[in-house]
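Below you'll find the structure, written out as structure tokens, and then a few comments.
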Amino acid sequence: MDSTTRANRRAWETASRPHGREWYDHLLAQAAAGATLFDTERELLGEVLDRSPDVVHLQSGNGTDDAALVQAGARSVVGVDYSEVAVAAASRRARQLGLACRYVVGVLPGAPLVPGCADLVYTGKGALIWITDLAGWARDVVRLLRPSGHLFVYEEHPAVPLWTLDEDEPRIRPDRSYFGACHVNDTFPAGGAVQVQRTLGEVVTAVAAAGLRIVHAGEYAEPFWRVSGVEAAAWSGRLPNAFSLLARAPGVGPVG
Ligand SMILES: C[S@@+](CC[C@H](N)C(=O)[O-])C[C@H]1O[C@@H](n2cnc3c(N)ncnc32)[C@H](O)[C@@H]1O
């Protein structure tokens, strides 16, 4: 594990610590409602979920999306996350709700799962910014997918770290660059975590270079997450704040 990943893992372990009974119950209620998937996700994943896929959720965190995936048709979900605290809490919630979801501790790339165990690899919502080896991550995804399986990413747009949270008009932060390598994430709950900065082109190219065929790529004005109590002008509809990616693994036989 590289030093950035090691330090970020410590920060995530702190950030994932239980925030009391109320927070746990809030996430439990959210999971039970199965409503955390965005409409765009449901549309793009509709056909895949109709086929009752076995899902691997990389960087599963709280696992609330997993309940929604099961309710939308997934046969099973296995979540992988390097935070032992997050894995324990997500496992407990899944047991309480009787969901076909289980969680394992693992550092990505290098998911501790057998090859070809997933029809769908699902990830995003603050995930890729912590992955220092994106090419290795994409190879891991391909290893996990069955023939004709899908990768789905719904993620913060890489331009988001540039936007200020000004309410009157959006501005570009002077300390950030779309073409930078990394920066300290100053909205992160535990503080001090270093996130990777990459372009959308780099993400798409990593996925394609690993051997997946891009089926869909979308960009959206609505952020997947809003800093609470803030009404930033950057979220008013003129700037990209999220993106999606659906990609398919080759099938068996010569056509693929
Ligand atoms: C924003 S959170 C969770 C996103 C998740 N999709 C959700 O909605 O709950 C990102 C998660 O990635 C995990 N994580 C970050 N880097 C990782 C890595 N290299 N390997 C495994 N997990 C990682 C963190 O522990 C954290 O739970």
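The table below lists the values:
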| item | result |
| --- | --- |
| Criterion (within 14 Å of the ligand (Cβ to nearest atom) and crowded, with 22+ Cβ neighbours inside 10 Å) met by exactly one of 160, 104, 141 | 141 |
| Hits in region 94-119 (condition: within 14 Å of the chain's Cα centre (by Cα) and within 28 Å of residue 43 (Cβ to Cβ)) | 108 |
| Residue 73, sole failed condition from (1) assigned to a helix (DSSP H, G or I); (2) free of Cβ contacts under 8 Å to residues at least 60 places away in the same chain | (1) |
| Region 165-188 - residue that is under 23 Å from the mean Cα position of the chain (by Cα) and among the β-branched types (Val, Ile, Thr) and, of those, surrounded by the fewest Cβ atoms within 10 Å (Cβ to Cβ) | 184 |
| Members of region 46-67 that are under 18 Å from residue 151 (Cβ atoms) and not in a loop (DSSP other than H, G, I, E, B) | 46, 47, 48, 49, 50, 54, 55, 56, 57, 58, 65, 66 |
| Residue count for region 162-195, restricted to those that are in contact (Cβ under 8 Å) with a residue 12 or more places away in the chain and under 22 Å from residue 137 (Cα atoms) | 10 |
| Lone unmet requirement of (1) more than 10 Å from the ligand (Cβ to nearest atom); (2) outside any strand (DSSP E or B) for residue 110 | (1) |
| Contacts under 6 angstrom Cβ, first residue in region 142-158 being closer than 18 Å to residue 69 by Cα, partner part of a strand (DSSP E or B) and among the charged types (D, E, K, R), 6 or more apart | 149/119; 150/248 |
| Some residue of region 120-139 being within 22 Å of residue 68 (Cα to Cα) and among the aromatic types (Phe, Trp, Tyr) | yes |
| Set 83, 91: member being farther than 19 Å from residue 42 by Cα, more than 9 Å from the ligand (Cβ to nearest atom) and touching a Phe, Trp or Tyr at 6+ places or on another chain (Cβ under 7 Å) | 91 |
| Matching residues, region 123-138, being away from the ligand (no atom under 12 Å from the Cβ) and surrounded by 18 or more Cβ atoms within 10 Å (Cβ to Cβ) | 138 |
| So residue 35, is it in a loop (DSSP other than H, G, I, E, B) and within 16 Å of the ligand (Cβ to nearest atom) | yes |
| Qualifying residue in region 115-122 (condition: near the ligand (Cβ under 10 Å from one of its atoms), in contact (Cβ under 8 Å) with a residue 60 or more places away in the chain and surrounded by 21 or more Cβ atoms within 10 Å (Cβ to Cβ)) | yes |
| Subset of region 193-236 (residues that are at pLDDT below 95 and either part of a helix (DSSP H, G or I) or of a type in the set (Asp, Glu) (or both)) | 231 |
| Region 54-70, subset surrounded by fewer than 24 Cβ atoms within 10 Å (Cβ to Cβ) and among the aliphatic types (A, V, I, L, M), residue nearest to the ligand (Cβ to nearest atom) | 68 |
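The values are calculated or read from the model by the stated rules, or taken from the named source; none is laboratory data. Fair warning: this is a prediction, and the values are worked out from it, not measured in the lab. Reconstructed Cβ throughout: ideal geometry from the backbone, glycine too, with neighbour counts over all protein chains shown.
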